1. Check 405, 336 and return the single one that is over 27 Å from residue 223 (Cα atoms), open to solvent by 40 Å² or more (accessible area, probe 1.4 Å) and not in a helix (DSSP H, G or I).
2. What pairs come out if I take residues in region 164-181 that are on the phi < 0 side of the Ramachandran plot and pair them with residues that are open to solvent by 70 Å² or more (accessible area, probe 1.4 Å) and of a type in the set (D, E, K, R) whose C-beta lies under 8 Å away, six or more apart or interchain?
3. Pick out the one residue from 355, 429, 423 that is open to solvent by less than 50 Å² (accessible area, probe 1.4 Å), of a type in the set (A, V, I, L, M) and at pLDDT 95 or above.
4. Might you let me know whether region 319-332 holds any residue that is touching a Gly at 6+ places or on another chain (Cβ under 7 Å), open to solvent by less than 40 Å² (accessible area, probe 1.4 Å), within 28 Å of residue 266 (Cβ to Cβ) and not in a helix (DSSP H, G or I)?
5. In region 77-93, how many are more than 14 Å from residue 37 (Cβ to Cβ) and outside any loop (DSSP other than H, G, I, E, B)?
6. Only one of (1) open to solvent by less than 50 Å² (accessible area, probe 1.4 Å); (2) closer than 16 Å to residue 47 by Cα; (3) modelled with pLDDT of 90 or more fails for residue 82. Which number is that?
7. How many residues, within region 373-402, are surrounded by fewer than 20 Cβ atoms within 10 Å (Cβ to Cβ) and outside any helix (DSSP H, G or I)?
8. If residue 300 satisfies all but one of (1) more than 28 Å from residue 269 (Cβ to Cβ); (2) surrounded by fewer than 15 Cβ atoms within 10 Å (Cβ to Cβ), what's the number of the condition it fails?
Amino acid sequence: MRSVPPMAGAYVLLTAGAGAFCAAPAFSSGTSWPAVALLACVYVGCGLAGRGPRGMGTFYPVLLAGAFLLPPSAAVLVAVPGALLGQVEQRPKWLRRLWRAAQLAVAVWASAQVFGALGGPDAISGPRFPYALAPGGAAVLAFCAVLTVLDGGILAVAERVPLRTAWRGLFLRSLAPVAVHGLAGLMMAVLWASSYGPVAALLVVLPMCISCWVFAQYQRERAAHQATIRALVQAVDIKDGYTRGHSERVGQASMMIARELGMPDERAEVLRFAGILHDVGKLGVPTRLLRKDGPLTPEERKVIELHPEYGHEMVRGIGFLGEARAAILHHHERLDGSGYPYGLVGTQIPEFARVVAVADAFDAMTSTRTYSRARPVPVAVAELERCAGTQFDPVMVGALVRALDREGWHPMVTADEAGGVPVARAETVPLRGASAR
């Protein structure tokens, strides 16, 4: 969103207008401003305590407690200060803050409306806590549903994600954590409405803050993993400028295959690492061979073919890569046993390696190189299908074809390519008539 599409800007402003409309009644009715202010301050403080490397964390228990305790229009105001004060790294910062405040405001309003319609306020003030679980659960579902709809919409208009895939999986991924936060928010509301008062309710926040802090540490560790990957890829790009951007595109295509195969998110992320790092072994190959314009001699080809083993040795000690290490070692194997380095056959080749082999070959054919022009995607797909069963796993080829039919191919653009200089030269086991670098 550094350069915001007009549709995305209009979408954010429309959502902000909806949030303002939801909050407006609070200023003309008997709103309990001390309660709003206290919850808003707690939300800001808890968000800062759970802040990860990407800015202020989102502390849903306080937001949902506000939805359970306050009228819908007043509950909206609990979310706004924290969202507007949150740190953001990407520009335009003001628009990102406005978007976060607007979507949380609308989600909290919807949650409070559902909770009130089902008699939740009477249940928590009774006190009849068990009877508050049903309206509380419905409010959590409404909260998740609104966030899902709005997040999918912004993906479609800002990132140009196809509509049929923009909302896929968003609701289910958010439901479990929000449900836990909703239960904590409900406990806060019950204690707040009881004779113990707000002070007792705030005690619920402490363990949740600790859990958010732990999650923030996980996020920092994950950011360190990403930095490690970027450093290795940048080293390869510097050494072999012809393939700049190739690693990222192979990671992207590998993720498309993983999603089509229904891989869990954790495995799909590791597979993306495998695609990005599949050529890291080039760091051990003489630069003169990587940049040679003419054909390779048999001796030079043997040296080039050592790069999967070099790469495997380089990443052997990086524990978080998991199955990615096998893909780095075996992504040049072929189903018929004529690949390298070990000539594995069929399912002897690890699954990740079979995925990366297809993604690697696809990008090789659709990238412009010094010795050949990029082929159109349909031509590359036809070539993959022709080699399926001998060179490539037909299951992986079919998954990529289906993903391309549904999503299209929108490769990530590197800095050099953005300047109009096509520099990607991917290497792979040779397809018919293709180079093997």
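The values are calculated or read from the model by the stated rules, or taken from the named source; none is laboratory data. Being a predicted model, the structure only gives us computed values, none of them experimental. Note: ideal-geometry Cβ built from the backbone for every residue, glycine included; neighbour counts use all protein chains shown. Accessible surface is based on the protein model in full, side chains and every heavy atom, while ligands, DNA and RNA are left aside. Shrake-Rupley method; radii C 1.70, N 1.55, O 1.52, S 1.80 Å.
1. 336
2. Filtered contacts from region 164-181: 173/265.
3. From the options 355, 429, 423, the qualifying one is 355.
4. Within region 319-332, one or more residues are touching a Gly at 6+ places or on another chain (Cβ under 7 Å), open to solvent by less than 40 Å² (accessible area, probe 1.4 Å), within 28 Å of residue 266 (Cβ to Cβ) and not in a helix (DSSP H, G or I).
5. Selection size over region 77-93: 4.
6. Of everything listed in (1) open to solvent by less than 50 Å² (accessible area, probe 1.4 Å); (2) closer than 16 Å to residue 47 by Cα; (3) modelled with pLDDT of 90 or more, residue 82 misses just condition (3).
7. Summing the residues that are surrounded by fewer than 20 Cβ atoms within 10 Å (Cβ to Cβ) and outside any helix (DSSP H, G or I) in region 373-402 gives 7.
8. Looking at each condition in turn, residue 300 falls short on (2).
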